[in-house]
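Presented below is the structure to which this report refers.
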Amino acid sequence: MSKFCFQFFLFSLIALTVGCGSTKEIVLQTMEPSPVHISQKIKRIGIVNRSIRPEVEEDETGLNRMVAAEEQWLLEQGRNAALTGLFNELLKDNRFETIKILDSVPQEILHFEMVNDSISWTSVENICNAYDVDAIFSMAFFDTETTVSIKKTSMMQPNLMRVKVKVPAQELTLETLIENGWKIYYPKSKEIIDEIVFNDQIISKGKGTNPLEAYKAIEGRKETLVEQSKATGSNYGQRLLPFENSVERSYFVRGTTNFEQACVLVENGDWQGASQLWEKELDNSNSKIAGRACYNMAVMHEINGDLTAAMDWASKSYKDHKNKNAMEYLDILKYRSFQNQILEQQVSR
């Protein structure tokens, strides 16, 4: 395992006691491969906006009309912010040579294929050829929906004598749902590499003597909604990168005095000292005790970043001593080893 991966397999010394049972749990901080695998042949990225603007209702009046107008503003600004968020994030990724926002692609080229709700592969190929890119990152849709609710309340307000007094008021609550969908098209293999939808909710409140005054009292709503929209694009860009994860592992703390003493050492961060005590139990005449010692050695080696040794000890615990926990743990280690191979490929780029 590379030094890079080893650093991310270092454990955090968070020990969780599990009742008075035979095991305790620790939490490991690991680095997982990106859930989106990008081919090494993809060097040039084009970003397109193929979301459709909804029709504006003209019969809104009063407060609803003001909210609807702000919604239209948000749709325009929110789309741009989300595209910018993704663009800025991809610029940080040294796997790609070129990142372009393709804002001049004719909308008719981006029409849906009704069968699968996607851009046709013919259109994708034409866009890639026209703009000299290898893959298309598409904002599939960007929608907002705001729910308005009003309730009676009170507020402090200056009277004619400039003395603040409590007066009847109304509290306005705007709950805005932002839904943002993305797809990645790779025309060479005619594959949609990834598709995902982000959902975020922004709640804004204001008080006033009437609903319109309450609406005007809401501060920073537009800025917050635009920043959140930008974050959705940024979050999608980060989805292409390896990420940190927390996983739990059990280890045995009962069976002999050595296990109990080793537990104290583990809680103090002395895994080397604990492993020396477990080693004394590897040849215990009681196969159950020996199996637990082998299992703990597997956990210790995983923490040290040596998955091969960890798998060997887990296998020994199961095959030689019939430790049932070790069989499940061995499967986990094998999967981790496979994931590490993918991680190494991603990091090497």
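FYI, it's all coordinate maths here, none of it is from the lab. No experiment lies behind these values; they were computed from the predicted model shown. When we count neighbours, we look across all protein chains shown, and the Cβ atoms used for this are built from the backbone with ideal geometry, even at glycine.
Give, as a single signed number, the net charge of other residues whose beta carbon lies under 12 Å from the beta carbon of residue 156, with Lys and Arg counted +1 and Asp and Glu -1.
Net of charged neighbours comes to +3.
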**OP:** Would you list the P(r) distribution for the stretch 215-332, with all Cα-Cα distances sorted into 10 Å bins from 0 and each bin expressed as a whole %?
**Re:** 13, 33, 18, 9, 11, 10, 5, 1
Original post:
Sorted from largest down, what three extents in whole angstroms do the Cα atoms of the stretch 142-284 have along their principal axes?
Top reply: 88, 59, 20
Original post:
Near the amide H of residue 23, under 5 Å away, which other amide H atoms are found, from residues 5 or more places off or on another chain, if H is placed in the peptide plane?
Top reply: 253
Subject >> Table column - 3J(HN,Hα) (Hz), the stretch 311-322, Karplus curve with 6.51, -1.76, 1.60, x for Gly and Pro >> reply: 5, 4, 5, 5, 5, 5, 4, 7, 6, 8, 10, 6
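Using the structure shown, list the pairs from 166/216; 280/319; 152/222; 100/222; 92/205 with a Cα-Cα distance above 31 Å, or answer none.
Numbers: 166/216 20 Å; 280/319 20 Å; 152/222 25 Å; 100/222 27 Å; 92/205 36 Å.
Among 166/216; 280/319; 152/222; 100/222; 92/205, the Cα-Cα distance tops 31 Å for 92/205.
Would you mind giving the three semi-axes, in whole Å and largest first, of the ellipsoid equivalent to the chain according to its Cα gyration tensor? Walk me through the numbers on the way to the answer.
Details: eigenvalues 554, 224, 46 Å².
Three semi-axes, in Å: 53, 33, 15.
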Subject >> Extension reserve of the residue 101-residue 264 stretch, reckoned as 0.36 nm per residue once the Cα distance is removed >> reply: 53.0 nm
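Taking Cα pairs under 8 Å and at least six residues apart, what relative contact order does the chain come out at, in percent?
22
I'd like the FRET efficiency for residue 121 and residue 324, computed as 1/(1 + (r/R0)^6) with the beta carbon distance as r and R0 of 35 Å, rounded to 0.05. Write out the running numbers ahead of the final one.
Numbers: r = 50 Å, r/R0 = 1.42.
Efficiency at R0 = 35 Å is approximately 0.10.
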Original post:
Counting only residues 5 or more places away or on other chains, whose amide H sits under 5 Å from the amide H of residue 43 once H atoms are built in the peptide plane?
Top reply: 134
Subject >> Helix 221-238 axis, angle to the chain major axis (alpha carbon atoms, nearest 10°) >> reply: 40
Subject >> Reduced Cα scattering model of the stretch 136-176, Debye log10 I(q)/I(0), q = 0.15, 0.25, 0.30 Å⁻¹ >> reply: -0.58, -0.85, -0.96
Original post:
residue 238: net charge of surrounding residues, Cβ under 14 Å, Lys/Arg +1, Asp/Glu -1, itself excluded?
Top reply: -1
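Set the Förster radius R0 to 51 Å, insert the Cβ-Cβ distance between residue 308 and residue 91 as r into 1/(1 + (r/R0)^6), and round the FRET efficiency to 0.05. Walk me through the intermediate numbers first.
Values: r = 37 Å, r/R0 = 0.73.
Approximately 0.85, to the nearest 0.05.
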Original post:
Each label point is 7 Å from the Cα along the Cα-to-Cβ direction; what then is the distance between the points at residue 44 and residue 279, in nm?
Top reply: 5.8
Original post:
Each residue of the stretch 253-258 in turn: what ³J(HN,Hα) in whole Hz from Karplus with 6.51, -1.76, 1.60 and θ = phi - 60°, glycine and Pro shown as x?
Top reply: 10, 10, x, 8, 4, 4
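Over the stretch 128-250, what is the relative contact order in percent, taking alpha-carbon pairs closer than 8 angstrom and at least six residues apart? Don't skip to the end; give the middle numbers.
Numbers: 199 pairs, mean separation 26.0, N = 123.
The value is 21 percent.
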Original post:
Once amide H atoms are placed 1.01 Å from N in the peptide plane, what residues at a sequence separation of 5 or more from residue 118, or on another chain, have their amide H within under 5 Å of its amide H?
Top reply: 113
Subject >> Note, ³J(HN,Hα) from phi for the stretch 337-345, Karplus 6.51, -1.76, 1.60, rounded to Hz, x at Gly and Pro >> reply: 5, 5, 5, 5, 4, 5, 4, 4, 5
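For the stretch 104-208, rounded, prolate or oblate, judged on the Cα gyration tensor with a ≥ b ≥ c (square roots of eigenvalues), a/c < 1.5 rounded, else prolate if a/b > b/c?
Values: a/c = 4.83, a/b = 3.89, b/c = 1.24.
Prolate.
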**OP:** Please identify, among 162, 50, 95, the residue showing maximal mean-square fluctuation in a Gaussian network model of the chain using a 10 angstrom Cα cutoff.
**Re:** 162
